[in-house]
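The structure appears right after this line, and notes come after that.
The values are calculated or read from the model by the stated rules, or taken from the named source; none is laboratory data. Note that the structure is predicted; figures quoted are calculated from it, not measured. Cβ coordinates were reconstructed from backbone atoms using ideal geometry, including for glycine residues, and neighbour counts include every protein chain displayed. Only protein heavy atoms, including side chains, enter the accessible area calculation; ligands, DNA and RNA are left aside. Shrake-Rupley method; radii C 1.70, N 1.55, O 1.52, S 1.80 Å.
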Number of protein chains: 2
Amino acid sequence: MDYQLLRRIKGFSARVSLLGVDLHVNNISYYNQTDVHFFHSHEFSEIIYVLSGEIKVGIGTEIVTVREHEILYMGGNIRHKLKIYPDIPVECLTMSFELTYALQDSQIAPQWIREEQELVKTLMSSRHGVTEDKGSCIRIIDDICEGIGEGTVGEYSKLKNHLGNLFICTLQAFGNNRKRLEEDAAREVDFVNKAIQINDYIGKNFTRELTLQSVADELNYSTRQLQRIIKLYYNISFRELLIQYRVGYSKVLLGLTPHSLEVVAGTCGFSSLKSFEKYFKLSEGMTPSAFKKIYGKCNS
Amino acid sequence: MDYQLLRRIKGFSARVSLLGVDLHVNNISYYNQTDVHFFHSHEFSEIIYVLSGEIKVGIGTEIVTVREHEILYMGGNIRHKLKIYPDIPVECLTMSFELTYALQDSQIAPQWIREEQELVKTLMSSRHGVTEDKGSCIRIIDDICEGIGEGTVGEYSKLKNHLGNLFICTLQAFGNNRKRLEEDAAREVDFVNKAIQINDYIGKNFTRELTLQSVADELNYSTRQLQRIIKLYYNISFRELLIQYRVGYSKVLLGLTPHSLEVVAGTCGFSSLKSFEKYFKLSEGMTPSAFKKIYGKCNS
């Protein structure tokens, strides 16, 4: 990979909203052994990623060695310098940034935000530190270079997102790529918007007898609210939504099982064979038995 | 790749700021041949990505076939339905979204924003259309699945960025992955912030005689402004910055060329050998000749 392509994005700055924090990228720079660097300090935190070779970094009075595919983190306002020697090959990418807490989006599971903020806390718990990239950071940097190299229109639009992910991967690396707990994953499933919640509920229960009233009661809506949300979101009525689920599922059963039409009608929640046949025809343009003849895998 | 993992992000919604537009992702869903889908419409535009197999999609009165690794775009308020048959294997990812024009970040090159907005216009120029993904979309979807599968803490923080890039790659695919013009690339180089611009100017001109006044004049700052920006940004003075460049470059010359100390001093912009030796010692803790003995590649 030609990492020198990264010189083209030097000075890029942008605000990238993550889930719980905003990442303000102040500057991106690429350095190799032909460059000159000097002691300086600034208010921004900085990440230095060693793409190849290794480098010594003066941080205050200390000297820290950062090896290939290692990442150095440094907090703000520390006097620092990349110690570049013309005869020691090195390539590195630096990103200076600030973080601010973001307004939280109500659609985002609080657990995801907490996770992110804990990772941020881990990173910032020391003034500086070095960790190893297990491959996720370098992959993003490769993607950036590939994009720049190909010169496709729109490639710079990806840069912000790539830098956001590069930052998250750095957080993960400093957090030792810790795995999430199973119970956290379970809690997230509820974070979907109202229409999707309603749709999911009907999708899971359409084989039973469902009425507008019973679904509204179950999900704590008035029947009016329920109808309004479904109409607004899917532009169909509650009744149509329910029938579409039933007809849809009947096609699975007709296709994959040897069940009779009566059994299929009952299993799908239709009140009678007659109503099943009527709605199936309306929706699919053919009768259930014609459908079974064409698509059935278990026809005797 | 186990694309069923995408079921875990069903209902995810978030606002992703791109360069010139904000992408409001309303919902993400995964469907395969075991799912039920129904005719509906909503105000959101929608992208359907076929991960494997192929699918027919009812759009109004038309039926459109979308093959593996093809992407269907549909504008808002169109009645549509994925025609799912239990015996025709298919896997697809749908993303419904809205776009709004974003407040523009002054640090972003206008050319990048224009590019993005032109791609958006291309996408939206027809009510619906199909194009082929050359591999960039599927790569992002694979990354998402891999992340979900590994269950690393912080993985959901990447989702927004991934979806932003998935959208850009979709725009690029509909724009036939057009290449950018060389002259556009050249114009962007100026879009760096003030301190970086100053630093760059000094970095390119330190071998000449430079004074605070001459740099300020050249870049249209007052000497006071120039000092303030350098101090604020790098926490060093103009003079120190200049000397660090000169010392830094002298190390390159001492290391890689057979030039005498006098020639090196002159080439780097030092007014005399004496001042070169003084500043070199201060910065590096050794004399230039000692440095040349240790690191010089061309010592006779």
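Would it be correct to say that residue B:8 is within 11 Å of chain A (Cβ to nearest Cβ) and in contact with a strand residue (DSSP E or B) (Cβ under 8 Å, 6 or more places away or on another chain)? Walk me through how you get there before you give the answer.
Details: within 11 Å of chain A (Cβ to nearest Cβ): yes; in contact with a strand residue (DSSP E or B) (Cβ under 8 Å, 6 or more places away or on another chain): no.
Taking the combined requirement at face value, the residue does not satisfy it.
The residue of region B:15-29 that is farthest from residue A:163 (Cα to Cα), among those that are touching a helix residue (DSSP H, G or I) at 6+ places or on another chain (Cβ under 7 Å) and open to solvent by less than 10 Å² (accessible area, probe 1.4 Å), is B:28. If I filter region B:150-159 down to residues being modelled with pLDDT of 90 or more and within 7 Å of chain A (Cβ to nearest Cβ), which single residue comes out as surrounded by the most Cβ atoms within 10 Å (Cβ to Cβ)? By that ranking, first place goes to B:157. Residues of region A:125-151 that are out of contact with any helix residue (DSSP H, G or I) (no Cβ under 6 Å at 6 or more places or on another chain) and of a type in the set (Ser, Thr, Tyr): A:125, A:126. Filtering region B:243-267 to residues that are facing chain A (nearest Cβ under 10 Å) and in contact (Cβ under 8 Å) with a residue 40 or more places away in the chain leaves B:243, B:245, B:246, B:249, B:251, B:254, B:255, B:256, B:257.
If the condition is being within 23 Å of residue A:142 (Cα to Cα), within 18 Å of the chain's Cα centre (by Cα) and of a type in the set (Lys, Arg), then region B:92-142 contributes only B:139.
Output the residue which, of all residues in region B:160-187 that are more than 8 Å from chain A (Cβ to nearest Cβ) and modelled with pLDDT under 90, is surrounded by the most Cβ atoms within 10 Å (Cβ to Cβ). This residue is B:184.
When residue A:66 is tested against (1) over 30 Å from residue B:22 (Cβ atoms); (2) at pLDDT below 95, exactly one condition is not met: (2). In the set (1) buried (at least 16 other Cβ atoms within 10 Å of the Cβ); (2) more than 14 Å from every other protein chain (Cβ to nearest Cβ), the condition left unmet by residue B:44 is number (2). Each residue in region A:2-49 was checked for being within 25 Å of residue B:21 (Cα to Cα), touching a residue at least 24 places away in the same chain (Cβ under 8 Å) and among the hydroxyl-bearing types (Ser, Thr, Tyr), and 1 of them qualify. Just one of the listed residues (B:58, B:53) is free of Cβ contacts under 8 Å to residues at least 40 places away in the same chain and under 15 Å from residue A:248 (Cα atoms), namely B:58. Quick one: what pairs do we get from region A:192-215, first residue more than 20 Å from residue A:250 (Cβ to Cβ), second in a helix (DSSP H, G or I) and open to solvent by 50 Å² or more (accessible area, probe 1.4 Å), C-beta under 8 Å, 6+ apart or different chains? If the second residue must be in a helix (DSSP H, G or I) and open to solvent by 50 Å² or more (accessible area, probe 1.4 Å), the pairs left are A:195/A:232; A:212/A:227; A:212/A:239. Among all positions in region B:80-99, there is no residue which is open to solvent by 40 Å² or more (accessible area, probe 1.4 Å) and among the polar types (S, T, N, Q).
Among B:260, B:272, B:283, B:250, which is polar (S, T, N, Q), open to solvent by less than 30 Å² (accessible area, probe 1.4 Å) and out of contact with any strand residue (DSSP E or B) (no Cβ under 8 Å at 6 or more places or on another chain)? Residue meeting the stated conditions: B:250. Listed conditions (1) within 24 Å of the chain's Cα centre (by Cα); (2) of a type in the set (Lys, Arg); (3) under 20 Å from residue A:295 (Cβ atoms) are all met by residue B:56, apart from (1).
Restricting region B:286-300 to residues that are assigned to a helix (DSSP H, G or I) and surrounded by fewer than 16 Cβ atoms within 10 Å (Cβ to Cβ) leaves a set whose member that is farthest from the other protein chains (Cβ to nearest Cβ) is B:289.
In this structure, does residue A:9 turn out to be under 27 Å from residue B:108 (Cβ atoms), within 25 Å of the chain's Cα centre (by Cα) and modelled with pLDDT of 95 or more?
Numbers: under 27 Å from residue B:108 (Cβ atoms): yes; within 25 Å of the chain's Cα centre (by Cα): yes; modelled with pLDDT of 95 or more: no.
Taking the combined requirement at face value, the residue does not satisfy it.
Beta carbons closer than 8 Å, at least 6 apart along the sequence or on distinct chains, pair a first residue in region A:112-127 that is facing chain B (nearest Cβ under 9 Å) and modelled with pLDDT under 90 with a second that is open to solvent by 20 Å² or more (accessible area, probe 1.4 Å) and outside any helix (DSSP H, G or I) for A:113/A:104; A:115/A:180. Set side by side, the residues B:235, B:199 differ, and just one is within 30 Å of the chain's Cα centre (by Cα), open to solvent by 50 Å² or more (accessible area, probe 1.4 Å) and facing chain A (nearest Cβ under 10 Å), which is B:235.
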